[in-house]
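Undergrad: First, the structure itself, so that you have it in front of you.
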Amino acid sequence: MAYPGRFTDGHASLNCLLGVSDMRAGVGQIAPFRIRAETGTIAGSERFDINNHIMNLTIGSQEETTSFFALDVPVRIHGRFDNPDFAPASWSNEGKAQMAAADNVAPLPTALRSVADQNPCLRRTGPPAWH
């Protein structure tokens, strides 16, 4: 079943992208993180350690932005940069708190906070699919 102008050829137009990273001594976090396309919005948060080449990324669609038929299952990508593991995310209380805090720009340095606040991709309304 084709939807004119919506993902009919396996591609979707990217409407906006936001990823703000705060890194110190090779260890950092990317939050907020958003990718918005005409077919939906993906939100996430990542912690990474460049020194040890490891990452812990959790991403998921915001179900209010996807169609009824979308599979709104969050994914966790973690492990070494050269050989990460991919799995559906299981939500501990810590994981839920981390994702809920992904919109909180207050901990960012002032210059980065203003960049994030002005980006149209930062969305603070509606719960993500994993709540």
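Undergrad: Would you please list the contacts, defined by Cβ atoms under 9 Å and residues six or more apart or on different chains, that run from a residue in region 1-18 that is within 28 Å of Asn119 (Cα to Cα) to a residue that is open to solvent by 90 Å² or more (accessible area, probe 1.4 Å) and modelled with pLDDT under 75?
TA: From residues that are within 28 Å of Asn119 (Cα to Cα), the pairs are Ala12/Arg6.
Undergrad: Do we find a residue being in a strand (DSSP E or B), touching an Asp or Glu at 6+ places or on another chain (Cβ under 8 Å), of a type outside the set (Val, Ile, Thr) and at pLDDT 80 or above anywhere in region 59-66?
TA: yes
Undergrad: Would you check which residues across region 57-77 are buried (at least 17 other Cβ atoms within 10 Å of the Cβ) and either hydroxyl-bearing (Ser, Thr, Tyr) or within 16 Å of Ser90 (Cα to Cα) (or both) and list them?
TA: Leu57, Thr58, Ile59, Gly60, Ser61, Thr65, Pro74, Arg76
A quick yes/no check of all residues on (1) crowded, with 18+ Cβ neighbours inside 10 Å; (2) closer than 20 Å to Val73 by Cβ; (3) among the charged types (D, E, K, R):
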| residue | (1), (2), (3) |
| --- | --- |
| Leu18 | yes, no, no |
| Gly26 | no, no, no |
| Ile30 | yes, no, no |
| Arg36 | yes, yes, yes |
| Ile42 | yes, yes, no |
| Asp49 | no, no, yes |
| Asn52 | no, no, no |
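Undergrad: When region 67-108 is examined, which residues are found to be hydroxyl-bearing (Ser, Thr, Tyr) and modelled with pLDDT of 80 or more?
TA: Ser67
The values are calculated or read from the model by the stated rules, or taken from the named source; none is laboratory data. Just so it is clear, the structure is predicted and the values come from calculations on it, not from any experiment. No Cβ is skipped: glycine too gets one built from the backbone with ideal geometry, and neighbour counts run over all protein chains shown. Protein only, heavy atoms only, side chains kept; ligands, DNA and RNA dropped before computing areas. Shrake-Rupley method; radii C 1.70, N 1.55, O 1.52, S 1.80 Å.
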